[in-house]
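Below you'll find the structure, written out as structure tokens, and then a few comments.
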Amino acid sequence: MTLIGITCAAFGLKSFLLPNKFLDGGATGIAMLLSQLTNLSLSVLILIVNIPFIILGYSVLGKSFTIKTAFVITGLSAVLAVTEFPQITNDKLLVSVFGGFFLGAGIGLTVRSGAVLDGTEILAIFMSRKFGTTIGDILFGINILVFSSAAYFFSIESALYSIITYLSASKTVDFIIEGIEEYTGITIVSRRSEEIREMIINEMGRGVTIYTGKKGFGKTGEFVDMDVIYSVITRLEVSKMYSEIQKLDPNAFIVNSSVRDTKGGIIKKRPFKHQ
């Protein structure tokens with residue numbers, strides 16, 4: 001996974017972004033900016049720019065993470081130095097979208113293998129712990145500086161396309177890390193809660209949590225005791241869940257919300273013996 005991630009990132013850089021002088025955000029974007037301004041090798045600059053972040057990572061995230069990250073960044077530098085990739089297109093929109101896609105895929109795969117290709121994420125984690133700010137805010141501030149520099153040294157158009165590259169890469173990273181099985185929390189309020197509970201367990205193979213609640217309605221504030229069902233499913237199962245609930249209770253009240261992560265419980269489907 002790590003080697004595929006390194007190859008994807010190098011392909012995105014050499015086949016799309018570098019020939020068209022587009023930038024990404026973070027440490028990679030800083031290295032690309034310096035490379036275009038000084039004509040120094042990008043492979044060397046990626047190492048130099050990331051060294052302070054790798055050292056910081058040792059105290060922030062531990063020895064194992066630091067060794068993996070150093071290996072990944074060194075691997076990317078080596079692939080950029082010795083491997084030739086063909087230039088795919090000169091269309092600026094295609095370059096920004098697909099360059100960001102391949103770079104984001106590379107970053108996402110290396111994150112899933114327990115490392116990072118971009119050292120600014122380590123800095124963001126460190127600063128968020130020290131000053132109480134969010135990681136997203138710190139990365140946003142760093143990238144504002146990178147893209148503002150691109151607008152100053154090159155052109156506003158180049159900076160705008162670089163922002164598209166960054167957004168494409170970010171969305172791809174999210175998809176790779178969270179996976180196609182992004183989880184959704186479903187809350188169901190229904191008078192036929194027992195039948196719905198059995199359907200979720202027996203037909204969909206998911207776990208449920210039952211809350212004791214009261215349904216309030218009407219101008220007089222009348223309350224009715226009922227069970228409230230909560231279950232976590234993948235986003236691909238939301239449509240099926242809605243359809244099955246509709247069969248049992250067309251008037252059921254359903255709320256769904258995104259779930260960033262889960263641990264324990266019955267998340268993956270389990271086999272059932274049908275009698």
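The values are calculated or read from the model by the stated rules, or taken from the named source; none is laboratory data. All values reported here derive from a predicted model rather than from experimental measurement. No Cβ is skipped: glycine too gets one built from the backbone with ideal geometry, and neighbour counts run over all protein chains shown. With ligands, DNA and RNA removed, areas are computed over all heavy atoms of the protein, side chains included. Shrake-Rupley method; radii C 1.70, N 1.55, O 1.52, S 1.80 Å.
Just so you know, in the stretch 162-185 the residues that are at pLDDT 75 or above and over 30 Å from residue 19 (Cα atoms) include one that is surrounded by the fewest Cβ atoms within 10 Å (Cβ to Cβ), and it is 185. Output the number of the condition that residue 71 fails; it satisfies all remaining conditions of (1) exposed (fewer than 14 other Cβ atoms within 10 Å of the Cβ); (2) at pLDDT 90 or above. Exception for residue 71: condition (1).
Here is a check on your reading of the model: is residue 69 polar (S, T, N, Q) and within 22 Å of residue 172 (Cα to Cα)? Show your work before the answer.
Details: polar (S, T, N, Q): yes; within 22 Å of residue 172 (Cα to Cα): yes.
It is true that residue 69 is polar (S, T, N, Q) and within 22 Å of residue 172 (Cα to Cα).
Of the residues making up the stretch 18-45, those that are part of a helix (DSSP H, G or I), in contact with a Phe, Trp or Tyr (Cβ under 9 Å, 6 or more places away or on another chain) and either open to solvent by 10 Å² or more (accessible area, probe 1.4 Å) or closer than 17 Å to residue 157 by Cβ (or both) are 20, 29, 32, 33, 36, 37. Against the list (1) at pLDDT 90 or above; (2) surrounded by 15 or more Cβ atoms within 10 Å (Cβ to Cβ), the condition residue 210 fails is (2).
Selection of first residues in the stretch 70-97 that are part of a loop (DSSP other than H, G, I, E, B) and of second residues that are hydroxyl-bearing (Ser, Thr, Tyr), restricted to Cβ pairs under 8 Å at least 6 apart or on distinct chains, gives the following pairs, ordered by first then second residue: 85/15; 86/15; 87/15; 88/15. Restricted to the stretch 46-68, and to residues there that are modelled with pLDDT under 90 and touching a Leu at 6+ places or on another chain (Cβ under 7 Å), the residue that is surrounded by the fewest Cβ atoms within 10 Å (Cβ to Cβ) is 56.
Among the residues making up the stretch 142-158, those that are open to solvent by less than 40 Å² (accessible area, probe 1.4 Å) and more than 21 Å from residue 121 (Cα to Cα) are 151, 158. Residue 220 - would you say it is of a type in the set (Val, Ile, Thr), in contact with a strand residue (DSSP E or B) (Cβ under 8 Å, 6 or more places away or on another chain), over 19 Å from residue 193 (Cβ atoms) and modelled with pLDDT under 90? Here the answer is no, as residue 220 does not meet what is asked.
Every residue, every condition in (1) over 18 Å from residue 28 (Cβ atoms); (2) touching a Ser or Thr at 6+ places or on another chain (Cβ under 6 Å); (3) at pLDDT below 80, yes or no:
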site: 90; (1), (2), (3): yes, no, no
site: 93; (1), (2), (3): yes, no, no
site: 98; (1), (2), (3): no, no, no
site: 125; (1), (2), (3): no, no, yes
site: 150; (1), (2), (3): no, yes, no
site: 153; (1), (2), (3): no, no, no
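When 89, 66 are checked against the criterion of being over 25 Å from residue 14 (Cα atoms) and either in contact with a helix residue (DSSP H, G or I) (Cβ under 8 Å, 6 or more places away or on another chain) or aromatic (Phe, Trp, Tyr) (or both), 66 stands alone in meeting it.
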